[in-house]
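Engineer: Structure provided below as structure tokens; questions to follow.
None of the figures in this text is laboratory data; all of them are computed from the coordinates on show. What you see is a predicted model; the values in this text were computed from it and never measured. No Cβ is skipped: glycine too gets one built from the backbone with ideal geometry, and neighbour counts run over all protein chains shown.
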Amino acid sequence: MDLKKFIRSIPDYPKKGILFRDITTLIKDEKAFEETINLIVERSKKCQFDKIAAVESRGFVFASAVSYILKKPFIMLRKKDKLPADTHSVDFELEYGTATIEVHKDSIQENEKILIIDDLIATGGTAEAAAKLIEISKGIVASFIFVINLFDLGGSENLTKKGYKVENLIDFPGH
């Protein structure tokens with residue numbers, strides 16, 4: 001199945017000059033969503049990991065389904081002030097602004113291997129912040145799996161250069 005056909009491209013969203021790759025058209029199609037989850041599960045079996053983490057909010061859609069299928073615990077990496085207990089925080093830059101993500105301090109035990117799943121990688125700022133949260137928590141990033149890689153924005157390449165394993169299902173140019 002060509003999953004690219006299920007991704008809607010929206011120009012000038014969320015700001016002028018950005019070509020937004022919308023996954024809502026993929027997840028509303030039950031066959032395309034099922035294929036996406038099956039591919040992530042297949043790719044995740046290439047590495048050993050203890051838990052799955054995902055970044056709010058679109059990453060949750062994919063990671064929670066994979067977590068359920070593989071019977072692995074799921075860790076939510078959330079926007080600032082969305083988690084009720086003690087957290088670790090990391091600030092980072094996006095293509096169109098800045099943000100902070102957090103994880104509960106008790107979500108990851110020392111040396112646990114964490115698979116990070118997200119819908120998309122662009123410049124890699126969010127992914128790097130997720131990796132920092134895992135490492136601050138004394139965990140180990142086992143691998144990243146992205147549904148979409150905006151290859152010309154360099155995020156995936158940057159993560160690989162930093163020693164992280166990276167998988168993706170679909171390649172698109174960033175702009």
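Engineer: Can you check what the net charge comes to around Leu70, using other residues whose Cβ is under 12 Å from the Cβ of Leu70 (Lys, Arg +1; Asp, Glu -1)?
Structural biologist: Residues near Leu70 contribute +3 overall.
Engineer: Once label points are set 7 Å from the Cα along Cα→Cβ at both Asp86 and Thr24, what is their separation, rounded to one decimal in nm?
Structural biologist: With each label placed 7 Å out from Cα toward Cβ, I get 3.9 nm.
Engineer: Okay, next question. Give Lys80/Lys113; Lys16/Lys72; Lys4/Lys162; Lys5/Lys105 a once-over and call out the pairs whose C-alpha atoms are over 32 Å from each other.
Structural biologist: Result: Lys16/Lys72; Lys5/Lys105 exceed 32 Å.
Engineer: Okay, moving on. At a Förster radius of 41 Å, what calculated FRET efficiency corresponds to the Cβ-Cβ distance of Lys165 and Asp106, to the nearest 0.05?
Structural biologist: Numbers: r = 26 Å, r/R0 = 0.63.
Working from the Cβ atoms, E equals 0.95.
Engineer: Output the antiparallel fraction of DSSP beta bridges having both residues in the chain, as a percent to the nearest 5.
Structural biologist: Working: 14 of 36 bridges.
Expressed as a percentage, antiparallel bridges in the chain total about 40.
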